[in-house]
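Undergrad: My questions will all concern the structure given below.
The values are calculated or read from the model by the stated rules, or taken from the named source; none is laboratory data. Note that the structure is a prediction, hence the values are computed from the model and not measured. We place every Cβ from the backbone using ideal geometry, glycine too, and count neighbours over all the protein chains shown. The protein model used for the area step is the full one, side chains on, heavy atoms only, and it has no ligands, DNA or RNA in it. Shrake-Rupley method; radii C 1.70, N 1.55, O 1.52, S 1.80 Å.
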Amino acid sequence: ACPTIKNILLLDSEGKRVAVKYYSDDWPTNNAKLAFEKSIFTKTQKTNARNEAEITMLENSIIVYKFVQDLHFFVTGGDDENELILATVLQGFFDAVTLLLRNNVDQREALENLDLILLCLDEIVDG
C-alpha cells in the first residue's frame, strides 16, 4: 500500500524551500523534488488560500494547501486519498508550526526554528 502522505512542504513566498519532507519515491532525485515544488508553487500562487485551505490536483496527486504571511504550507497525497485526511494533516502541521513559532508565523521565525519544524514533520507522519 502507498503511504497516505507523499510529502509535506513549507515554501516561502517565492516558492523556495523552508522545510520539506518527502515520504514517497515518486520523486527519486533532488531535481525531481525541486521541479515538483516549482510546479506546485506556480499552480497555486494565483489562488487566495489565506483563510480556508484549498485543494488542487497535480501529477496524479491531491494537494491541500494554505498560505500564512510569507509561508506556503502544502500536504500532498495520492489521487485516491481522502481529502479530509490530508486537510487534517495540513491543519495539524500548521497548528504545530504556529505553536512552535509562538504565533509569529513568518519565514524569518520559521528559519530560526527550522530544527523544531523538521522534528515536528517527523512526528506528524510517524503519528
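Undergrad: Working only within the range 1-47, note down all residues that are of a type in the set (Ser, Thr, Tyr) and surrounded by 14 or more Cβ atoms within 10 Å (Cβ to Cβ). Quick ask: steps written out before the conclusion?
TA: Just the residues of the range 1-47 that are of a type in the set (Ser, Thr, Tyr), to begin with: 4, 13, 22-24, 29, 39, 42, 44, 47.
Hits for the range 1-47 are THR4, SER13, TYR22, TYR23, SER24, THR44.
Undergrad: Here is a follow-up. What's the number of the only condition in (1) open to solvent by 10 Å² or more (accessible area, probe 1.4 Å); (2) within 13 Å of the chain's Cα centre (by Cα) that ILE63 fails to meet?
TA: Among (1) open to solvent by 10 Å² or more (accessible area, probe 1.4 Å); (2) within 13 Å of the chain's Cα centre (by Cα), ILE63 violates only (1).
Undergrad: Oh, and also: Whether any residue in the range 32-47 is touching a strand residue (DSSP E or B) at 6+ places or on another chain (Cβ under 7 Å), part of a loop (DSSP other than H, G, I, E, B), closer than 18 Å to VAL105 by Cα and not aliphatic (A, V, I, L, M) is what I want to check.
TA: Taking the range 32-47 and keeping what is touching a strand residue (DSSP E or B) at 6+ places or on another chain (Cβ under 7 Å), we get 33, 37, 39-41, 43-44, 47.
Right, trim to part of a loop (DSSP other than H, G, I, E, B) and you get 47.
Subsequent filtering for residues that are closer than 18 Å to VAL105 by Cα retains none.
Among the residues of the range 32-47, not one is touching a strand residue (DSSP E or B) at 6+ places or on another chain (Cβ under 7 Å), part of a loop (DSSP other than H, G, I, E, B), closer than 18 Å to VAL105 by Cα and not aliphatic (A, V, I, L, M), which makes the answer no.
Undergrad: Taking the range 99-109 only, how many residues are closer than 17 Å to TYR65 by Cα and open to solvent by less than 30 Å² (accessible area, probe 1.4 Å)?
TA: Total meeting the criteria: 1.
Undergrad: Please identify the pairs in which a residue from the range 97-115 that is among the basic types (Lys, Arg) has its Cβ atom under 9 Å from the Cβ atom of a residue that is open to solvent by 20 Å² or more (accessible area, probe 1.4 Å) and assigned to a loop (DSSP other than H, G, I, E, B), counting only partners at least 6 apart or on another chain.
TA: Once the first residue is among the basic types (Lys, Arg) and sits in the range 97-115, its partners that are open to solvent by 20 Å² or more (accessible area, probe 1.4 Å) and assigned to a loop (DSSP other than H, G, I, E, B) give ARG108/ASP70.
Undergrad: Considering every residue within the range 56-71, establish whether at least one is of a type in the set (Asp, Glu) and at pLDDT below 95.
TA: Going residue by residue through the range 56-71, those that are of a type in the set (Asp, Glu) are 59, 70.
Within this subset, residues satisfying the condition of being at pLDDT below 95 are 59, 70.
Yes, the range 56-71 has at least one match.
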